[in-house]
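The values are calculated or read from the model by the stated rules, or taken from the named source; none is laboratory data. Quick caveat, the model's predicted, so the values are computed rather than measured. Glycine gets a Cβ as well: all are built from the backbone with ideal geometry, and neighbour counts include every protein chain shown. With ligands, DNA and RNA removed, areas are computed over all heavy atoms of the protein, side chains included. Shrake-Rupley method; radii C 1.70, N 1.55, O 1.52, S 1.80 Å.
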Amino acid sequence: MQIARVIGTVVVTPKDSNLTGAKLLLIQPLTPSRAPVGKPLVAVDSVGAGVGEDVFFVRGKEASFPFHPVEMPVDAGIVGIVDSINC
Amino acid sequence: MQIARVIGTVVVTPKDSNLTGAKLLLIQPLTPSRAPVGKPLVAVDSVGAGVGEDVFFVRGKEASFPFHPVEMPVDAGIVGIVDSINC
Amino acid sequence: MQIARVIGTVVVTPKDSNLTGAKLLLIQPLTPSRAPVGKPLVAVDSVGAGVGEDVFFVRGKEASFPFHPVEMPVDAGIVGIVDSINC
Amino acid sequence: MQIARVIGTVVVTPKDSNLTGAKLLLIQPLTPSRAPVGKPLVAVDSVGAGVGEDVFFVRGKEASFPFHPVEMPVDAGIVGIVDSINC
Amino acid sequence: MQIARVIGTVVVTPKDSNLTGAKLLLIQPLTPSRAPVGKPLVAVDSVGAGVGEDVFFVRGKEASFPFHPVEMPVDAGIVGIVDSINC
């Protein structure tokens, strides 16, 4: 998993029916000291994150777990909002 | 997930029988400001995208979800057409 | 998915029993203009591809789909022979 | 799988309900000679690892296996503490 | 899949109970001409490979297939010993 900052939103239409209602956010991965690292990507949000917040996201099929039994065709998902990083 | 531009088509034959009827598009991943980034790849289309359009795609087994119960052997799939990116 | 050229064969023994009979080919990923890009890898063939042919391959568990119900331990599979690339 | 050193902890809230109770550690991948290599990431711990320890971790859906039948949305998991590396 | 050379062993303890008995080897990926390429990683062995041998390995959940029905939390597995590479 990685830490990222929410930097925008994406509106997608038409989309696969299993994506209906999905909130798609543009996120920028961060280092532990919260500097940008790597390329921005799009993640589906299941925790109510907003632009400017630092989040915790997973990649892969695991990103669809919060939406079961819907088989959402997503490969990145925000599963938490970062409270603190201690290192 | 990532944003990409459809830049071409690929015709493949003979192919695995579960790929029959699949529309295969060549796509170029884009940054949030829609500049090309990374290497082009081939994705299966399930939303009717065409050359020149900006799309939203997923990687991995998730790309086959729109085709269930067919177990399509694909690892990248277009699941939406981009309307707007706000960042 | 990506386009690649078949550049050789690999003989592997002893191997996992679920790999028995698998044809293993060495492939070099290509750009849309068919120039080599990235590192060669080994893929299992399910379409009868041969050295010198340009193929279409998938990565991940999807590569084992053509061999169901055998759970073949492979992570790259050739699923088509490229006819044409238009871009 | 890779070897990594635990370099910190991450506190995440609110989070997906299937992540409740998960211990999230910041880890730095290491070379076989235990030098840092690549980018730090966050992994869920199932073996009681602590900051400063060298661990063994897996990526992908496999990271959720120790938590079955809970479908924990994680993509990296610590599954052992390194005793010795001989090479 | 990729070709790699076994360059060492890793001893891990305590580990997830589904890893009990797993033989963990340190492997260095190779090019088709058997030169080192990329970073070493740890793979579980299911074919009796030893240090100095050239092997064939898979990444991802597929690495756990040889151990079914045990859901071994591994993401790289040696599934064959290389006899010859012809290219």
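The share of accessible area on chain E that comes from carbon and sulfur is 54 percent, using a 1.4 angstrom probe.
Amide H contacts for D:Gln2 (H built 1.01 Å from N in the peptide plane; partners 5 or more residues away or on another chain; cut-off under 5 Å): D:Phe57, E:Val42. Using Cβ point charges alone (K and R +1, D and E -1), the dipole size of the protein assembly as shown about the Cα centre works out to roughly 940 debye. On the basis of the beta-carbon distance and an R0 of 56 Å, C:Ser33 and A:Val70 show a calculated FRET efficiency of 0.90. Report the net charge of residues surrounding C:Val51, where surrounding means a beta-carbon distance below 12 angstrom and charges are Lys +1, Arg +1, Asp -1, Glu -1. Cβ neighbours under 12 Å give a net charge of -1.
Note on A:Val51 and A:Val11: the model spin-label points, each 7 Å out from Cα along the C-beta direction, lie 1.3 nm apart. With no solvent and one equal point scatterer placed on each C-alpha of the protein assembly as shown, evaluate the Debye formula and give log10 I(q)/I(0) for q = 0.07, 0.08 Å⁻¹, two decimals. So the normalised log intensities are -0.32, -0.43. Interface residues of region E:12-47, defined as those losing at least 20 Å² of solvent-accessible heavy-atom surface relative to the isolated chain (probe radius 1.4 Å), are listed as E:Val12, E:Thr13, E:Pro14, E:Asp16, E:Leu19, E:Leu26, E:Pro32, E:Val37, E:Lys39, E:Pro40, E:Val42, E:Val47. Taking θ as phi - 60° and the Karplus parameters 6.51, -1.76 and 1.60, the scalar couplings of region C:41-47 work out to 8, 9, 10, 8, 9, 10, 10 Hz in sequence order, x denoting glycine and proline. Karplus-based coupling profile of region E:28-34, in residue order and whole Hz: 10, x, 10, 7, x, 8, 6, with θ = phi - 60° in 6.51 cos²θ - 1.76 cosθ + 1.60 and x standing for Gly or Pro. Pairs from the list A:Lys39/E:Lys15; A:Lys39/B:Lys39; A:Lys39/A:Lys61; D:Lys39/E:Lys39; C:Lys15/D:Lys61; A:Lys15/A:Lys61 with a Cα-Cα gap above 22 Å: A:Lys39/E:Lys15; C:Lys15/D:Lys61. Computed over every Cα-Cα pair of chain E and binned at 10 Å starting from 0, the pair-distance distribution P(r) comes out as 18, 52, 25, 4, 0 percent.
Distances from A:Thr31 to itself in the other copies, using label points 7 Å out along the Cα-Cβ axis, amount to 1.9, 1.9, 3.1, 3.1 nm in increasing order. Buried surface for the E/D pair, taken as the accessible area of each chain alone minus that of the pair with a 1.4 Å probe, is close to 2100 Å² in total. Accessible surface of A:Met72, taken over heavy atoms with a 1.4 Å probe and every protein chain present, rounds to 10 Å². Using a probe of 1.4 angstrom and keeping all protein chains present, the accessible surface of the protein assembly as shown works out to 36 square angstrom per residue.
What separates the A:Cys87 label point from its copies, with the point 7 Å along Cα to Cβ, is 2.2, 2.2, 3.5, 3.5 nm, written shortest first. Please give the Cα centre distance for region A:15-82 versus region C:24-81, rounded to the nearest Å. If you average the Cα positions of each part, the centres end up 30 Å apart.
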